[in-house]
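Before any comments, here is the structure.
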Amino acid sequence: PALPPTAPAPVAPAPAAAPVLAVVTPPAPTASKPGKPKPWYDRLQLRGYTQMRVSEVIDGDTDAPAGVSRLRSVHDAGVGEKGNFNFRRIRLALQGDVSDRMGLYLQGEFASAVTGQANGERRENFFQLRDAYADVYFADRTIKLRVGQSKVPFGWENLQSSSNRIAIDRADGPNSAVPGERDIGIVGFYTPPAIQKIWDDLAKDGQKLFGNYGAFALGVYNGQGTNRTEKNDGLMKVAMATVPFRLDGLGGPFVGKVLELGAEGMLNTFQPEVRTGGVSARAYIDNRVNLHAILYPAPFGIQAEWSWGKGPEWDRLTQSLASKPLSGGYVQAMYRVKHSPIGAFIPYARWQSYRGGWKTATNAPRISTDEIELGVEWLPLKEFEVTMAYARMRRSEADERRSGVARGDLLRAQIQWNY
Amino acid sequence: PALPPTAPAPVAPAPAAAPVLAVVTPPAPTASKPGKPKPWYDRLQLRGYTQMRVSEVIDGDTDAPAGVSRLRSVHDAGVGEKGNFNFRRIRLALQGDVSDRMGLYLQGEFASAVTGQANGERRENFFQLRDAYADVYFADRTIKLRVGQSKVPFGWENLQSSSNRIAIDRADGPNSAVPGERDIGIVGFYTPPAIQKIWDDLAKDGQKLFGNYGAFALGVYNGQGTNRTEKNDGLMKVAMATVPFRLDGLGGPFVGKVLELGAEGMLNTFQPEVRTGGVSARAYIDNRVNLHAILYPAPFGIQAEWSWGKGPEWDRLTQSLASKPLSGGYVQAMYRVKHSPIGAFIPYARWQSYRGGWKTATNAPRISTDEIELGVEWLPLKEFEVTMAYARMRRSEADERRSGVARGDLLRAQIQWNY
Amino acid sequence: PALPPTAPAPVAPAPAAAPVLAVVTPPAPTASKPGKPKPWYDRLQLRGYTQMRVSEVIDGDTDAPAGVSRLRSVHDAGVGEKGNFNFRRIRLALQGDVSDRMGLYLQGEFASAVTGQANGERRENFFQLRDAYADVYFADRTIKLRVGQSKVPFGWENLQSSSNRIAIDRADGPNSAVPGERDIGIVGFYTPPAIQKIWDDLAKDGQKLFGNYGAFALGVYNGQGTNRTEKNDGLMKVAMATVPFRLDGLGGPFVGKVLELGAEGMLNTFQPEVRTGGVSARAYIDNRVNLHAILYPAPFGIQAEWSWGKGPEWDRLTQSLASKPLSGGYVQAMYRVKHSPIGAFIPYARWQSYRGGWKTATNAPRISTDEIELGVEWLPLKEFEVTMAYARMRRSEADERRSGVARGDLLRAQIQWNY
């Protein structure tokens, strides 16, 4: 009689080009016989992606006299600066389920500069932490408790991995709440199975979701931002709810479509770094709400978010910091071509606007942004993506010593490889 | 007739929560057929652990006028400072046997700040080396020659991985010899099989050992400390002996118990960094001995160490550096509960005292420490540990410009996840 | 009837001690069934090597008054400085074929210091990027397009991995074009199958090749050097050709021998960092050619390269930067002993000379180098190498404030472990 093979093939992990933060809840590990733990490489895997960019200002205020804004972006050091190729992100993550009860995510970024290294110049590409968290699972994985440094659940696009985002950069409005997107703390996520089912179906269809978070979240964090030293005993509190709805019931053109609606709230106090050195002595009110809506592209989709709140901002009149109103968001339309002779591609158009402080820049300068971006994301290989975009920018530089708004027309190209 | 499966299961590696530095000598790799080397992931594995802390000073001198000590600890930046969550360690190591003759250990730490990055503020969480060494095996692995950066065999607790230590931090006395615990050099270890057998039995029982060192060690190192540039041609010489004894022969309550006794010696000269910039022109005598004794908890255990010696220390009278006497150590009692409905736990009590210089702080300030810590380490999951501790501290701040001793009562909690 | 095993053994990856950058084109991945992607650890692997050195100046100008050159080398911080053991390289790379169409190489270096961390002193061993590129394959892998940060194809020895180089350091002449060897850009490689076959045969014989580049290369790069911020819109253009010839046709002593001949050219402008802070306002012409010839050791071999060109250089008379002529190269003879009772070893002798600027040092000082090195590389284990070398150096220090040439006789030992 035949003996069954004693060595089952290792379960195939996610394919190379799958999103780094897959929303699909991983299947519970198959019960392993006692004393036969899975080898480390079937519990953990190394993944990541790299983004290399080239920016070309067709026409714009790349330079300006002292006191006047130059064309710059808080999201992309390549905008308006001299230079050719630059790395926007070089990510490497170790992730997986250490056991049935606990998951791990540990991600670093190679594209982190260290300043003041020789002759006042910086050196690029030191490896710095982005995420370091453990997920402890409860209630059949519908609930997870996340401890460590992780993305703050404020803003749908903030949570979505940059490897999945269609547009070149995040929008200023929702991102002004959490530049760098991460903080240290403890957060709980709950996802009812019915919602998980909708997301799983979307993921199977190849839709770009927002990652392995949850439908409902409640968390506390230090509140001083990614990789910054906490300066006060106050905690940042954040809550999120996001719910996808199948629109089939509406019939006709809505069959097979999914609309996701959600909202987030944040209560925080923040001490910006100041030009005289260190951080401000006072902590400023930094409270916000954000709304989001996504009609997943099938093939046409729309995505929009808007934030309102108060945050630290430099007051030019009094030459001091204060907590002032802010608001901003974006609307994006996209059209998904799943198959074509040259590979999948998604043309998109996006408008964004923001007025308010940028709290992680020195002295929390007020910035004013109005931008239109037209672009296309193209996947000649599933592990190799090219995004080309034209942008018409009206941006004030994030420097309280410069005023006014710089204008510019840009072409940007981004190459991304996934591993 | 049945065909035997051609693909034997990969040998199961250590389970997730095993100590990062297991003392159990790995079994010699099974002889592989010539031309069929083991795949990389069966020779090497990625492992690590993360420690996140919250400290709360119930009552104490968290602030003080200039010139007076504030409540601070050389081991934990969270003590006395404002703030909530902070990472104490985020480790990732690549380790394994590259071949039958050579082992590898390469470990980095994500919780390393880089100072002076913007407005004089630091940025947290850059990835920095801890260990980079190769072990060359001789004489059936009873002897190994370790080259590279590795832990200096001075002090039992210094060698034990922080992932295995019960108490929140190492004790000042033995640790004052090797803050950061590591140095670059060459060290030989010898472990007689009879000693290895006792350690293997202890490890099988789940005891917290001191790692994959040896019973007898002799090494030379640069002597300037972890990740610091060597400044003189002198070598640090270190010797260690540690021997476990089974106490069964004593009968009665001693059956099944193991006592380990040992001693270490160090000869070194050291050039502390000075406040005027750079390191001291002179190298100061830095010679020490340390004794240790451990009664492994079964279920009750005791652990104690004490160091004596001379080392660099700031002299307030002459306002200059000198080599001065130092001494200090600790006694710890613990009780091991291996199984309980809520998981394993170990309550412990610890007293420590130290008087002497702290050589890796600017100007090698004299510190005076007296501390009692009461705590419990609890493992709700084997890969997820929680330690809660109360400490009554009398500590002088490690700053030669501040004098006196700060007092404080603290609660600290640490969450650790292993991978 | 017997069931065929369902779990084929993972394909054995390269053995531990194979060169980190193997020139052998990896076999095309075996066609995997649709929906059954290879697990991540069969697509990617972690590899690396560490080099630890000890330098001893027998006799030489290790110190000198202000204004006069001390014995220092741009390649090895251990030359002439006080100290014992130091790490020259601690490399870790993730590499492999993400798919049939795309390869990945992501390499970091732990032996990277960050300056100005405390009391003006630096801290060693932060992890910094070396390579981050993707290869997209075309035409049966004879053509590949490499995007990201990678080695610039200028100079045969520059391309060869330091883990494979016999001599302790690279030669100043060819290396002056690309200190650090890498830049960000896009480069295409083409290798005719007939050339690949010769290289594959050499690799099978254990010869030290120059890595997984190509016979013909054409690339554009930022041109500001490894991990430095690009400062101008100009691109560096580089072209390379290298062709191995079998000498069997010459008969007699030439049977079984291979000669490789090649040339490279570079067009660039470069802005050196200046002592007053930042980089020079002007970009200086930085154009070069290089010739190389290698007779692979069988058992006797010769290797030689020479560079000519113009590059940025500090002019002492005018006390300003200018673009000035430069030239330099080396000749190396070696004798390969493939098998011996103590393992493989290669004695070698090498002469080098260089006159010209060193563009990545502050103010691009002119350096003058004449050096003879006699050494032997010995492999007691294939994953553990020892190189011992004597050098007679005449070197000017790379500091425009010091003049003259320092002399010295050195012994250097390097231990390298591969993983």
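The values are calculated or read from the model by the stated rules, or taken from the named source; none is laboratory data. What you see is a predicted model, and the numbers here were worked out from it, not measured in a lab. Note that each Cβ is placed from the backbone with ideal geometry, even for glycine, and that neighbours are counted across all protein chains shown. Calculation scope for accessible area: heavy atoms of the full protein, side chains included, ligands and nucleic acids excluded. Shrake-Rupley method; radii C 1.70, N 1.55, O 1.52, S 1.80 Å.
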- Item | Highest-MSF residue in chain C out of C:Arg275, C:Arg350, C:Arg165 [GNM, Cα springs under 10 Å] | C:Arg275
- Task: Would you be so kind as to identify which of B:Ser320, B:Ala361, B:Ile302 lies farthest towards the positive end of the dipole of region B:297-387, taking Lys and Arg as +1 and Asp and Glu as -1 on Cβ and the Cα centre as origin?
- Result: B:Ser320
- Task: Roll a 1.4 Å probe over the protein chains and send me the accessible area per residue for region C:91-146 in Å².
- Result: 28 Å²
- Task: Compute from the Cα atoms of the protein assembly as shown the Rg and the Dmax, the latter being the longest Cα-Cα distance, and quote both in angstrom.
- Result: 30.6, 92
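Quick check for you: with a 1.4 Å probe and neighbouring chains kept, what is the accessible area per residue of region A:299-396, in Å²?
For region A:299-396, the per-residue accessible area is 41 Å².
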- Note on the structure: region A:268-310 and region A:339-408 have their Cα centres apart by a whole-number Å value of 16 Å
- Contour minus Cα-Cα distance for A:Val54 and A:Leu250 (0.36 nm per residue): 66.2 nm
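Averaged across the residues of B:128-139, what count of C-beta atoms belonging to other chains lies within 10 Å of each residue's C-beta? List each step's numbers first, then the result.
Values: counts 10, 9, 2, 0, 10, 3, 10, 1, 6, 0, 0, 0.
Average per residue, whole number: 4.
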- Ratio Rg/Rh, restricted to region B:267-319 and using Cα atoms, in which Rh is the Kirkwood radius: 1.25
- How big is the accessible area of C:Leu374 in square angstrom, nearest 10, if you roll a 1.4 angstrom probe over the protein chains? 90 Å²
- Note on the structure: Inter-copy distances for C:Ala66, nm, shortest first, label points 7 Å along Cα→Cβ, are 3.1, 3.1
- Query: Assigning unit charges at the beta carbon (Lys, Arg +1; Asp, Glu -1) and nothing else, what dipole magnitude in debye, to the nearest 20, does region C:56-160 show about its Cα centre?
  - Reply: 340 debye
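If you take each beta carbon of peptide B:244-255 and count the beta carbons of other chains within 10 angstrom, what is the mean?
Whole-number average of other-chain Cβ neighbours for B:244-255 is 0.
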- Rounded FRET efficiency, nearest 0.05, which uses the C-beta distance separating A:Lys197 from A:Phe300 and R0 of 25 Å: 0.60
- Note on the structure: Toy charge model, Lys and Arg Cβ at +1, Asp and Glu Cβ at -1: the protein assembly as shown dipole around Cα centroid in debye, rounded to 20, equals 340 debye
- Lysine-lysine proximity count for region C:45-418, Cα under 19 Å, sequence distance 8 or more or distinct chains: 21
- Accessible-area order for B:Lys36, C:Lys204, C:Lys231, largest to smallest, probe 1.4 angstrom, reads C:Lys204, B:Lys36, C:Lys231
- Could you give, in nm with one decimal, how far A:Val337 is from each other copy of that position, shortest first, with labels 7 Å out from Cα toward Cβ? 6.6, 6.6
- Query: Given only helices, namely DSSP H runs of n ≥ 4 each adding -39500 (n - 2.57), what is the per-residue ellipticity at 222 nm of chain B, to the nearest 500 deg cm²/dmol?
  - Reply: -1500 deg cm²/dmol
- Label distances, nm, C:Tyr190 versus same residue in remaining copies, Cβ-directed 7 Å point: 6.4, 6.4
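Out of the GluC sites (Glu not before Pro) in region B:212-286, which ones are loop residues according to DSSP with at most 13 other C-beta atoms within 10 Å?
Counting only loop positions with at most 13 other Cβ atoms within 10 Å, none of the GluC sites (Glu not before Pro) in region B:212-286 qualifies.
Cα convex hull of region C:102-217: how many Å³ per residue?
Convex hull of Cα atoms, per residue: 126 Å³.
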- Message: If the only charges are +1 at each Lys and Arg Cβ and -1 at each Asp and Glu Cβ, what is the size of the charge dipole of chain A around the Cα centre, to the nearest 20 debye?
- Response: 420 debye
- Note on the structure: For B:Ser320 the rounded accessible area (nearest 10 Å², probe 1.4 Å, non-protein molecules ignored) is 50 Å²
- Message: Can I get the semi-axes of region C:296-416's equivalent ellipsoid? Compute them from the C-alpha gyration tensor as square roots of 5 times the eigenvalues, in angstrom, largest first.
- Response: 35, 15, 11
- Task: Name the residue, out of B:Glu121, B:Glu305, B:Glu109, whose mean-square fluctuation peaks in a Gaussian network model built on chain B with Cα pairs under 10 Å.
- Result: B:Glu121
- Query: Put simply, what bits of region C:44-60 lose 20 Å² or more of accessible area when the other protein chains are there, versus the chain on its own (1.4 Å probe)?
  - Reply: C:Leu44, C:Gln45, C:Leu46, C:Met52
- Item | Sorted peptide list for C:363-370, C:168-175, B:82-89, criterion being average Cβ within 10 angstrom, highest first | C:168-175, C:363-370, B:82-89
- Message: Output the 0 to 90 degree angle, nearest 10, between the alpha-carbon long axis of helix C:193-204 and the longest principal axis computed from the alpha carbons of chain C.
- Response: 80 degrees
- Query: What accessible area, summed over both chains, is buried at the C-B interface (1.4 Å probe, Å², nearest 100)?
  - Reply: 4300 Å²
- Once the whole set of protein chains is in place, how much accessible area is left on A:Trp156, using a 1.4 Å probe, in Å² to the nearest 10? 0 Å²
- Message: Given a 1.4 angstrom probe, I'd like the percentage of the accessible area of region A:61-200 that is carbon and sulfur, rounded to a whole number.
- Response: 52 percent
- Note on the structure: When chain C is treated as a Gaussian network with springs between alpha carbons less than 10 Å apart, the largest mean-square fluctuation among C:Val274, C:Val114, C:Val178 is found at C:Val114
- re chain A: pairs of Cα atoms spaced beyond 28 Å account for a percent value of 51 percent
- Task: Can you find, among A:Ser55, B:Thr142, C:Ala215, the residue farthest towards the positive end of the dipole of the protein assembly as shown? Put +1 on the C-beta of Lys and Arg, -1 on that of Asp and Glu.
- Result: B:Thr142
- Note on the structure: Expressed as a whole number, the average count of other chain Cβ atoms within 10 Å around the Cβ atoms of B:103-116 is 6
- Query: If you take the charge dipole of chain B about its Cα centre, with +1 on Lys and Arg Cβ and -1 on Asp and Glu Cβ, which of B:Ala389, B:Ser340, B:Gln128 is farthest toward its positive end?
  - Reply: B:Gln128
